[in-house]
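Here the structure comes first, spelled out in structure tokens, and everything after it is commentary.
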Amino acid sequence: AWATARPRALAPGHAPWRVTRRNAVCRATTPETPASRLRQSLTKPGCLVMPSVYDALGAKLVQRSGAFECAFMSGYGVALSRLGDPDVGLVAFAEVVDAGKHVCRAAGDVPVVGDGDTGFGGVANVRRSVFEFHRAGFAAISIEDQVFPKRCAFAQGVKVVDRLEAVARLKAALDARDEIRAKGGDILVIGRTDCRLADNVDDGLREALWRCAAFEELGADIVYFEAPQSVSEMRALNERKKQGGAFTMLAQVEKADEGGTVLSAKQCAELGYDAALFGLTLINASAAAMQSALAGMSQSAQSGLAAEHPKCGDGSLGSLLSFAELNEIAGMPAHRQLEQKYLPANFQSFADGIGAVGMDGGGRKGGIVL
């Protein structure tokens with residue numbers, strides 16, 4: 001059972017039970033890695049905002065904004081963007097790792113958390129997932145307790161494995177993490193449970209809290225449960241966690257059409273959370289923008305008026321970026337600078353300085369022997 005939290009200020013930066021852990025982490029002298037940068041950000045006061053991306057473009061935009069200290073690569077987003085299908089376990093392990101390599105590269109110095117789903121199979125698959133996510137450049141991997149193949153936590157028909165299998169699965173991930181650390185690498189492991197809305201659990205909240213406690217006891221770096229149904233349920237996780245234990249995360253999805261609400265990072269911090277994941281915001285915004293642009297193109301095609309085609313920055317239907325801004329995002333100016341640096345003409349003086357090429361009495365003349 002989790003220890004009862006002693007009275008404390010709601011803002012994480014003033015929570016007395018976090019001080020020991022945070023000071024210990026800050027004293028660490030390990031080389032900077034994506035994992036260490038994420039860990040340092042989690043130790044700061046307040047709540048870390050995690051925008052969820054699904055491709056290299058989104059990761060680059062997060063990095064360019066300069067406003068975020070981490071990102072999350074969403075399994076939902078990868079499934080929808082790569083396959084055009086829902087998040088129901090159709091994306092293969094290799095496809096996720098491949099997407100992750102590009103996302104982590106494009107994110108630059110912004111650490112990225114990878115959605116490891118159930119670990120893509122048995123415990124050997126879970127271990128491989130941790131190793132390969134680390135090689136891909138992820139700062140952390142989340143492992144959940146759904147049955148395999150899994151599905152989006154908010155979809156109908158979610159089922160979870162039993163307690164013992166959930167514990168064994170996460171322990172396999174944590175042991176792989178520790179092997180990586182023993183060899184000088186680093187990655188964080190997030191223990192996630194989907195019990196709250198699972199069809200095969202009687203008391204979803206109670207079981208979710210139990211599993212978060214178990215994951216924390218095993219040594220998970222971060223714990224969370226999907227789909228808390230009220231602010232009181234959101235608060236319950238941090239009220240029951242151990243002193244100086246794992247970081248906690250709150251995952252949120254915009255579902256205003258279903259009566260759902262989204263808390264700000266400040267509100268999440270007041271509930272004791274270290275990180276707030278906004279899992280579908282960017283892919284939803286992307287889909288909305290593309291639909292708007294397509295509607296503008298359709299109107300122009302039907303009316304025959306070029307003026308109704310989407311235009312740059314005018315706020316109309318399907319408003320576009322300027323071509324210069326789009327090229328800037330793509331990195332075209334930087335690429336052009338690279339090409340200019342290595343123009344053959346730039347090396348004329350070098351070539352002239354080498355001198356004449358030939359042989360004189362068996363010796364070398366001009367620095368080159370043919």
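The values are calculated or read from the model by the stated rules, or taken from the named source; none is laboratory data. Remember, predicted model here, so these are calculated numbers, not experimental data. Backbone-built Cβ (ideal geometry, glycine too); neighbour counts: all protein chains shown. Areas reflect the complete protein model, heavy atoms only, side chains present, ligands, DNA and RNA absent. Shrake-Rupley method; radii C 1.70, N 1.55, O 1.52, S 1.80 Å.
All conditions but one from (1) in a loop (DSSP other than H, G, I, E, B); (2) surrounded by fewer than 19 Cβ atoms within 10 Å (Cβ to Cβ) apply to R151; the one that does not is (2). Can you find, within the stretch 42-69, the residue that is least open to solvent (accessible area, probe 1.4 Å) among those that are among the charged types (D, E, K, R) and under 11 Å from the mean Cα position of the chain (by Cα)? The qualifying residue least open to solvent (accessible area, probe 1.4 Å) is D55. Taken over the stretch 229-260, the criterion of being surrounded by fewer than 22 Cβ atoms within 10 Å (Cβ to Cβ) and in a loop (DSSP other than H, G, I, E, B) is satisfied by Q229, S230, K242, Q243, G244, G245, V253, E254, K255, G259, G260.
Checked against the criteria, A227 counts as small (G, A, S), in contact (Cβ under 8 Å) with a residue 60 or more places away in the chain, within 23 Å of Y76 (Cα to Cα) and touching a helix residue (DSSP H, G or I) at 6+ places or on another chain (Cβ under 9 Å). In this structure, is F120 modelled with pLDDT of 95 or more and part of a loop (DSSP other than H, G, I, E, B)? Taking the combined requirement at face value, the residue satisfies it. If you go through the stretch 79-95 and keep only what is over 13 Å from R151 (Cα atoms) and either open to solvent by less than 10 Å² (accessible area, probe 1.4 Å) or of a type in the set (F, W, Y) (or both), you end up with just F93. When L294 is tested against the conditions (1) open to solvent by 70 Å² or more (accessible area, probe 1.4 Å); (2) assigned to a helix (DSSP H, G or I); (3) closer than 17 Å to R192 by Cα, the lone failure is (3). Scanning the stretch 154-169 for residues being assigned to a loop (DSSP other than H, G, I, E, B) and buried (at least 18 other Cβ atoms within 10 Å of the Cβ) gives a total of 3. Open to solvent by 30 Å² or more (accessible area, probe 1.4 Å) and either more than 16 Å from L48 (Cα to Cα) or touching a His at 6+ places or on another chain (Cβ under 7 Å) (or both) - does that describe any residue in the stretch 261-276? For the stretch 261-276, residues open to solvent by 30 Å² or more (accessible area, probe 1.4 Å) and either more than 16 Å from L48 (Cα to Cα) or touching a His at 6+ places or on another chain (Cβ under 7 Å) (or both): present. Applying a threshold of 6 Å to beta carbon distances and a minimum spacing of six or more residues, or different chains, the list of pairs starting in the stretch 167-178 at a residue that is under 14 Å from T118 (Cα atoms) and of a type outside the set (F, W, Y) and ending at one that is open to solvent by 20 Å² or more (accessible area, probe 1.4 Å) and outside any helix (DSSP H, G or I) reads L174/G219.
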